[in-house]
Amino acid sequence: MKAIIMAGGEGSRLRPLTCGRPKPMVPVLNRPIMSHIVDLLKDHGFNNIGVTLQYQPEVIKDYFGNGSEYGVNLRYFVEETPLGTAGSVKNAGGFLDQTFLVISGDAMTDLELSKALEFHRKQGAMATLVLTRVECPLEYGVVITSDNGRITQFLEKPGWGEVFSDTVNTGIYVLEPEVLDYFAPGQKFDFSKDLFPLLLREKKPLFGLVLPGYWCDVGNLQQYQEAQYDALAGKARIKIPGTEIAPQVWVEEGALIDPSAKVRGPVLIGANCQLGAETRIEPFTILGQGSLVQERATIKRSILWNNVYVGPGASLRGAVLGSRVQVLAKAGIYEGAVVGDDSIIRENCLLKPDVKLWPHKLVEKGATVQRSLIWGTCSPKKIFGFEGVSGLINVEITPEFAARIGAAFASVAGSGARLAVSSDSYAASVMFKEALKSGIQSVGAQVLDLGPGITPVHRFGVRLTGCQGGVHARISPLAPDKVSLVFTNSHGGNISRDQERKIENAIAREDFLRAETGRIKPPEVIPQVMDDYLSAICEGLSAVRLREANFKLLLCYDQVNLEELVGSLFARLGLGLASIDLASEATAYRSWRSYQELLPALSRAVVDSGADAGAILDPNADRLILIDNKGQVIQEELLTALLSLLLLKGEEGPVLVPVTAPRAIDELAERYRGRVVRTKTAMQDFLDKVLAPENGVEGISQFFLHFDALAALAKVIDHAAHFNISISELVAEIPEFFMDQREVPVPWEAKGRVIRQLIQDPSVSQLELLDGVKVYHQDGWALVLPDPDEPFCRVFSEGSTMEIAESLTDMYIKKINDIAGIVS
């Protein structure tokens, strides 16, 4: 038997879900809605099916093919211009040589179609309309029939005063081929508005049959959600994919559910989904294939399409999310909100009820969206941030993106550039390194593979090999599911903001150079960088002296990344791994914050064991925390002061420190007749100053101290051994100082006003504008520094007492809130 599926609908009332896809391809229960219609037709013996297409016909043809996967034969008939429902079916007239059924490809139903065919033949009808009863017939065509089913009257979308029946037209018809002879080919003609009223006037055998069962028009977003809820609840006899692992909990193949996750049916979890620890999936939720729901996220009455990412602590309530949407940590999307494909909802965002986001939108961190967003894209204003380019692995940063940004970097550097690439030892970082290499090679630049290593080795390797720059891929110190791509210049420092902008522009324009096949160069592997780096660290240090000092150190570090380096360095220095206590070390990745949580235990262990010092290295040896022999923690400003003291004692030229460094360093400079140069706080500015050619060897020495935890640790130990002095005695040489630091939320639009009014404050007598606004007071100073990546300002202060430092911070936070109009 033959049937026609009308699948030409654009689905404008379902936007933004139908932006970029025809309405029959909108998923219901993780399959295109039209696939359920194909299954229904097959179940009732309709194996030869014509499909009328008009809007984006290739999408449907590519998905369904010839129908063999569904056990049917499909033929397609494309309208070049809209012909109306009847006109589109007449366009397939050559296919229709017998009684046939017409059905919409974008409705949800389980009606007994074979009963309609049986009724049609029994009545000798020319046309039979399948009818159903609804509670509110205002949006449908009402059909009135006699006792034998013969149609007597049509009412198209009546008002309540005209509602004489609750029986409506479903858009499912059984027809004889001759009904198509009542209008001309190519004529725009509609079944319910034109053809059926014409047949009724001419008293042709026109019948209606009310069938029990489920039918939903899926005409708008609310009906789309209700249809899925009904299917999950069993109101419609529609096959739910997957295996029912618990009452009304269907799970498709390859899904992974953490044992601590709570799932309450009815729920459908698509193939290859992943549910993290303590996630909550509440009733009437559908997760599309490949979706990832992170720990503590909660989802209720929401429909997620394929490959959606839901970050830690995010909340979805009654929302619909298109494919590849990213909802980052602690964001909330509420009842009736719909998010189009490829949109990004950043951390702590809030989408109010019924908000619609068209595809490719970006909602910035912390924003509240109260009305729909139609125009614009999700291309962020800035790709680069504090850590270079960073984001969630395989969500915000993918191998495809890494290849593109590698090509953009090489295009900015020039096709003849030599660029170094490296990564830490974690599998995800290595994956991104390989993707970066392919992107750089595609431009024709020469890739120098520095192998697995740490950020300081990469910076050293760029200088050693004379490269124009490089990229180091590392797991972020903030979280194990984030990666950071650190871009470096020829000195090994971070690239300038100007270079960052050029790379961002190249990506936005897809403006990459592409090399001819013969100009693509194979990567060059540089095997000796690690040894040369260790030799540079050890230069000027005395292994004999260190061995004689019998220095005992307790060390916490990332064994995956640092085991080989730490072992080799301590062997060269004559310390030996036997002197390092690894009892508190874990082999799994730790974030920098989790390492800091070990400080109390490590501090106690240093004192209890009589060790000379303790130290914590971050996974890429970018940061160092020291603990002296008395258990005092030396980090941040105090560590900067200690390293500055070593430089001043060694008379290694001017000491470069950020503008936030304490005044104690200036006092030390006076004591040792040295000079202090203050720089901006941004790492790229600090590194540019430290590694500037005019600073020569001294600059490299300061780089090692400030940005290389291993080198700084070796220098401190060597100095203590050389002068036979404990680290606590070294720290005692630093004048006492008191500092405070806090963050205050400031909307992006208020940042400029805050800085301007602080500068114009008439009560201020001495200002410094090197970086942010630094205001000097009689007993201290305060610095207000707008964050470049987030909507807040940082307030740093120093006072002659801790009470004064904290009072200065409080005073400037109040000033900022007053200027920005924030109620504290």
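The values are calculated or read from the model by the stated rules, or taken from the named source; none is laboratory data. From a predicted model like this one, the values you see are computed outputs, not experimental measurements. No Cβ is skipped: glycine too gets one built from the backbone with ideal geometry, and neighbour counts run over all protein chains shown. These area figures cover heavy atoms from the full protein model, side chains too; ligands, DNA and RNA do not enter into them. Shrake-Rupley method; radii C 1.70, N 1.55, O 1.52, S 1.80 Å.
Residue 16 passes all but one of (1) over 24 Å from residue 230 (Cβ atoms); (2) part of a loop (DSSP other than H, G, I, E, B); which number fails?
All conditions are met except number (1).
Look at the range 76-99 and say how many of its residues are closer than 16 Å to residue 195 by Cα and either in contact with a helix residue (DSSP H, G or I) (Cβ under 8 Å, 6 or more places away or on another chain) or aromatic (Phe, Trp, Tyr) (or both).
Within the range 76-99, residues that are closer than 16 Å to residue 195 by Cα and either in contact with a helix residue (DSSP H, G or I) (Cβ under 8 Å, 6 or more places away or on another chain) or aromatic (Phe, Trp, Tyr) (or both) number 7.
Answer with yes or no whether residue 112 is modelled with pLDDT under 85 and either more than 44 Å from the chain's Cα centre (by Cα) or at positive phi (or both).
It is false that residue 112 is modelled with pLDDT under 85 and either more than 44 Å from the chain's Cα centre (by Cα) or at positive phi (or both).
Got a sec? Which of 254, 270, 265 is over 25 Å from the mean Cα position of the chain (by Cα) and open to solvent by less than 70 Å² (accessible area, probe 1.4 Å)?
265
Being crowded, with 21+ Cβ neighbours inside 10 Å and either in contact with a His (Cβ under 6 Å, 6 or more places away or on another chain) or within 20 Å of residue 725 (Cβ to Cβ) (or both) is the requirement here; does residue 617 meet it?
No; evaluated as a whole, the condition is false for this residue.
Cβ-Cβ distance below 7 Å, separation of 6 or more or different chains: which pairs start in the range 717-745 with a residue that is among the polar types (S, T, N, Q) and end on one that is open to solvent by 40 Å² or more (accessible area, probe 1.4 Å)?
From the range 717-745, the pairs are 726/612; 726/629; 728/629; 728/630; 728/632; 741/794.
Would you say residue 231 is more than 30 Å from residue 93 (Cα to Cα) and either assigned to a helix (DSSP H, G or I) or touching a Ser or Thr at 6+ places or on another chain (Cβ under 9 Å) (or both)?
yes
What's the total number of residues in the range 636-670 that are assigned to a loop (DSSP other than H, G, I, E, B), out of contact with any helix residue (DSSP H, G or I) (no Cβ under 6 Å at 6 or more places or on another chain) and within 30 Å of residue 593 (Cα to Cα)?
Residues that pass the stated criteria total 3.
Against the definition (open to solvent by less than 50 Å² (accessible area, probe 1.4 Å), of a type in the set (D, E, K, R) and modelled with pLDDT under 90), how does residue 135 come out, yes or no?
When the stated conditions are applied, residue 135 does not pass them.
If I go through the range 552-567 residue by residue, how many of them are open to solvent by 10 Å² or more (accessible area, probe 1.4 Å) and over 19 Å from residue 633 (Cβ atoms)?
Residues that pass the stated criteria total 6.
Based on what the data block shows, is residue 196 open to solvent by less than 20 Å² (accessible area, probe 1.4 Å), closer than 20 Å to residue 168 by Cβ and not in a helix (DSSP H, G or I)?
Spelling it out, it is not the case that residue 196 is open to solvent by less than 20 Å² (accessible area, probe 1.4 Å), closer than 20 Å to residue 168 by Cβ and not in a helix (DSSP H, G or I).
Any residue that is modelled with pLDDT of 95 or more, among the basic types (Lys, Arg) and surrounded by fewer than 24 Cβ atoms within 10 Å (Cβ to Cβ) - is there at least one of those in the range 425-441?
Within the range 425-441 (the criterion being modelled with pLDDT of 95 or more, among the basic types (Lys, Arg) and surrounded by fewer than 24 Cβ atoms within 10 Å (Cβ to Cβ)), the answer is yes, since at least one residue qualifies.
Does the range 95-109 hold any residues that are in a loop (DSSP other than H, G, I, E, B) and under 40 Å from the mean Cα position of the chain (by Cα), and which are they?
105, 106, 107 - these are the residues of the range 95-109 that are in a loop (DSSP other than H, G, I, E, B) and under 40 Å from the mean Cα position of the chain (by Cα).
Taking the range 118-131 only, how many residues are in contact (Cβ under 8 Å) with a residue 24 or more places away in the chain and open to solvent by 10 Å² or more (accessible area, probe 1.4 Å)?
Residues in the range 118-131 being in contact (Cβ under 8 Å) with a residue 24 or more places away in the chain and open to solvent by 10 Å² or more (accessible area, probe 1.4 Å): 4 in total.
Tell me yes or no: at least one residue of the range 422-436 is farther than 21 Å from residue 503 by Cβ, of a type in the set (S, T, N, Q) and touching a residue at least 60 places away in the same chain (Cβ under 8 Å).
yes
Could you check the range 111-127 and list, in sequence order, the residues that are under 29 Å from residue 14 (Cα atoms) and either assigned to a strand (DSSP E or B) or touching a strand residue (DSSP E or B) at 6+ places or on another chain (Cβ under 8 Å) (or both)?
Selection gives 111, 113.
Within the range 630-646, is even one residue open to solvent by less than 10 Å² (accessible area, probe 1.4 Å), at pLDDT below 90 and more than 30 Å from residue 559 (Cα to Cα)?
Looking through the range 630-646, none of the residues is open to solvent by less than 10 Å² (accessible area, probe 1.4 Å), at pLDDT below 90 and more than 30 Å from residue 559 (Cα to Cα).
Name every residue in the range 513-548 that is within 18 Å of residue 574 (Cβ to Cβ) and either in contact with an Asp or Glu (Cβ under 8 Å, 6 or more places away or on another chain) or open to solvent by 40 Å² or more (accessible area, probe 1.4 Å) (or both), in order of residue number.
Within the range 513-548, 531, 535, 537, 539, 540, 541, 542, 544, 545, 546, 547, 548 qualify.
Checking the structure you have, find out if any residue of the range 329-349 is within 19 Å of residue 257 (Cβ to Cβ) and in contact (Cβ under 8 Å) with a residue 40 or more places away in the chain.
no
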